[in-house]
1. Among the residues of the stretch 25-43, is there at least one that is in contact with an Asp or Glu (Cβ under 7 Å, 6 or more places away or on another chain), under 23 Å from Pro107 (Cβ atoms) and free of Cβ contacts under 8 Å to residues at least 24 places away in the same chain?
2. I'm trying to understand the selection: among the residues of the stretch 159-194, which are among the small types (Gly, Ala, Ser) and open to solvent by 50 Å² or more (accessible area, probe 1.4 Å)?
3. Of everything in the stretch 140-158 that's of a type in the set (Lys, Arg) and open to solvent by 90 Å² or more (accessible area, probe 1.4 Å), which residue is farthest from Arg84 (Cα to Cα)?
4. Filter the helices (runs of 4 or more DSSP H) completely within the stretch 94-194 down to those with at least 1 residues that are over 17 Å from the mean Cα position of the chain (by Cα).
5. Mind checking which residues of the stretch 35-49 are in contact with a helix residue (DSSP H, G or I) (Cβ under 6 Å, 6 or more places away or on another chain) and assigned to a helix (DSSP H, G or I)?
6. Got a sec? Which of Leu22, Leu67 is assigned by the TED database to the domain that holds Phe118, assigned to a helix (DSSP H, G or I), modelled with pLDDT of 85 or more and open to solvent by less than 80 Å² (accessible area, probe 1.4 Å)?
7. Counting only residues that are of a type in the set (A, V, I, L, M) and free of Cβ contacts under 8 Å to residues at least 12 places away in the same chain, which one in the stretch 45-75 is farthest from Val121 (Cα to Cα)?
8. Restricting the search to the stretch 84-108, which residues are aliphatic (A, V, I, L, M) and open to solvent by 20 Å² or more (accessible area, probe 1.4 Å)?
Amino acid sequence: MTKPVPPSGPNDEPSARRRQILEIAAQLFAKKGYRGTSMRDIGEQAGVLGGSLYHHIRSKDALFVELHNAALDEAEARIDEAVRAQSDPWAKLNAACATLLDIQLAPDSLTTPMMNDFREVSDDVREQLIARRDRFEGLFRSLVDELPLPPRIDRSIYRNLLLAQLNATADWYRPGKLTPAQIAAQIAAIFRHE
């Protein structure tokens, strides 16, 4: 997911300019983090003066929430599409895992940094980000609920451990040996219980 920004109209000049600013902001947040990115940085990269920037963007907090939510919206749509192509519950889980890792491990991915930089934001912003992340995780909640797991396995713990493993993959993954789909298949196999 290279550009998690909301769509704009095809011939809408202000929307095209705003989209460009959002793309630059997403790249800066991904590279420098929330705290390390200033509105001045965004304006300079976009070639927009401070006052003009606020014509397009309300605030740094609102901008970060918007970009975070757009990244999760796009990820959710891609995962949902991959899952709908499957009928078996285990195949659905594997498709969801493979798609999530494909998104997160893409060299130009902005999703992982946008999803994982909650510690630097205000409590109000953190609550908004967590609420959207929880809705995203509902997709995995539904997938886990469909699995034929033994009754002794707590589905909430199962889901949280699975997501923690998937989300941590970007920390250790190096391209070359296994593809994201192969890693996802390995993770799904480890979590398979019958």
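The values are calculated or read from the model by the stated rules, or taken from the named source; none is laboratory data. Nothing here was measured: the structure is a model prediction, and the numbers come from that model. Note: ideal-geometry Cβ built from the backbone for every residue, glycine included; neighbour counts use all protein chains shown. The protein model used for the area step is the full one, side chains on, heavy atoms only, and it has no ligands, DNA or RNA in it. Shrake-Rupley method; radii C 1.70, N 1.55, O 1.52, S 1.80 Å.
1. So far as the stretch 25-43 goes, yes, one or more of its residues are in contact with an Asp or Glu (Cβ under 7 Å, 6 or more places away or on another chain), under 23 Å from Pro107 (Cβ atoms) and free of Cβ contacts under 8 Å to residues at least 24 places away in the same chain.
2. Ala164, Gly176, Ala181, Ala189
3. Result: Arg152.
4. In the stretch 94-194, the matching helices (runs of 4 or more DSSP H) lie at 123-146, 155-172, 180-190.
5. Selection gives Met39, Asp41, Ile42, Gly43, Gln45, Ala46.
6. Exactly one of Leu22, Leu67 is assigned by the TED database to the domain that holds Phe118, assigned to a helix (DSSP H, G or I), modelled with pLDDT of 85 or more and open to solvent by less than 80 Å² (accessible area, probe 1.4 Å), namely Leu67.
7. Leu49
8. Matches in the stretch 84-108: Ala85, Ala91, Ala98, Leu105, Ala106.
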